[in-house]
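Structure first, commentary second.
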Amino acid sequence: MASTQVNPTRMELTKQKKKLATATKGHKLLKDKRDELMRQFLDLVRENMALRLKVEAGIKAANQNFVIARAAMSEETLHTALMAPKQEVYLESSRKNVMSVEIPAFEYKTRTADENDIYSYGFAFTSGDLDDAVKSLADILPDMLRLAETEKACQLMAAEIEKTRRRVNALEHVIIPEAQANIKYISMKLDENERSTQIRLMKVKDMMLEETHHYSEKEAGYAVPVG
């Protein structure tokens with residue numbers, strides 16, 4: 001339905017046509033963005049599910065090894081072995097732009113590259129299950145960080161998809177139909193005004209012709225015959 005605030009002028013018609021062209025172009029671009037976001041979002045969801053299963057399995061294995069190690073060692077010995085960590089981990093956070101969505105990216109570095117630096121105790125009085133538990137946690141750390149990335153990325157992309165979807169719907173169901181209705185309304189009004197103008201001109205012309213004809217007849221009636 002056309003807006004009652006629209007003035008039926010040619011300038012307004014040009015304005016509405018430009019608005020319609022811009023809205024149509026924006027609608028296509030936003031639809032393409034929405035579709036690409038959905039594709040990447042589904043890829044991230046699948047990766048997130050696989051990572052979650054892997055991380056949960058790694059944590060479960062580490063907990064099992066800790067339970068076995070605790071059964072094989074005294075509680076005091078276990079606490080002493082894990083009291084002072086030897087390795088240090090430095091986490092760096094950055095952001096990357098994916099379809100106008102700023103998603104986090106994590107990178108970590110260890111103080112040393114030696115894999116044995118994860119063990120902060122000697123091997124003489126500790127159980128091998130404790131070594132397996134510590135190794136399991138160290139191995140699962142990269143996957144845990146990647147899982148954190150994907151989960152946050154999924155949240156941010158889901159919010160962006162919803163926002164883009166609302167914009168697409170607003171353009172498709174409100175702005176574009178409104179512009180089309182306004183163009184139709186203005187065009188009809190302009191055509192109506194043009195027809196009215198033509199009719200008035202034709203009537204004026206007929207009146208002028210009729211007046212001229214009567215004037216000619218009148219002049220002929222007053223003419224004096226010669227003879």
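Descriptive notes on the structure:
- Residue (of Gln87, Thr164, Ala179) at the positive-pole extreme of the stretch 59-209, dipole from beta-carbon charges: Ala179
- Top of Gly128, Gly58, Gly26 by mean-square fluctuation, Gaussian network on the chain, Cα under 10 Å: Gly128
- Entry for the stretch 35-119 at q = 0.15, 0.18 Å⁻¹: log10 I(q)/I(0) = -0.87, -1.03, Debye formula applied to identical alpha-carbon scatterers, no solvent contribution.
- Note on the stretch 1-87: with charges restricted to the Cβ of Lys and Arg (+1) and Asp and Glu (-1), its dipole about the Cα centre is near 980 debye.
- Surface exposure of the stretch 79-122, expressed per residue as accessible area with a 1.4 Å probe, stands at 73 Å².
- A simple charge model with +1 on the Cβ of Lys and Arg, -1 on the Cβ of Asp and Glu and nothing else charged puts the dipole of the stretch 69-222 at about 700 debye relative to its Cα centre.
- Taking amide H as placed 1.01 Å from N in the peptide plane, Lys86 has its amide H under 5 Å from the amide H of Ser120, each at least 5 places away in sequence or on another chain.
- Note on the chain: dipole from Cβ charges, positive end direction compared against Ser100, Thr110, Thr197; the farthest Cα belongs to Thr197.
- Only helical runs count toward this figure. For the chain, summing -39,500 (n - 2.57) over DSSP H runs of n ≥ 4 and dividing by all residues gives -26000 deg cm²/dmol at 222 nm.
- The apolar share of the surface of the stretch 1-82, taken as the fraction of accessible area on carbon and sulfur atoms (1.4 Å probe, ligands and nucleic acids excluded), comes to 60 percent.
- Where the alpha-carbon atoms of the chain are placed on the principal axes, they occupy 157, 28, 23 Å, in descending order.
- Of Ser74, Ser136, Ser100, the one that fluctuates the most in a GNM where the chain has Cα springs shorter than 10 Å: Ser74
- With viscosity 0.890 mPa s and temperature 25 °C, the Kirkwood radius over alpha carbon pairs of the stretch 1-74 converts through Stokes-Einstein to a diffusion coefficient of 135 µm²/s.
The values are calculated or read from the model by the stated rules, or taken from the named source; none is laboratory data. Predicted model, so just to flag it, every value in this text is computed and none were measured. Neighbour counts are summed over all protein chains in view; Cβ atoms, including those assigned to glycine, are modelled from backbone coordinates with ideal geometry. Protein only, heavy atoms only, side chains kept; ligands, DNA and RNA dropped before computing areas. Shrake-Rupley method; radii C 1.70, N 1.55, O 1.52, S 1.80 Å.
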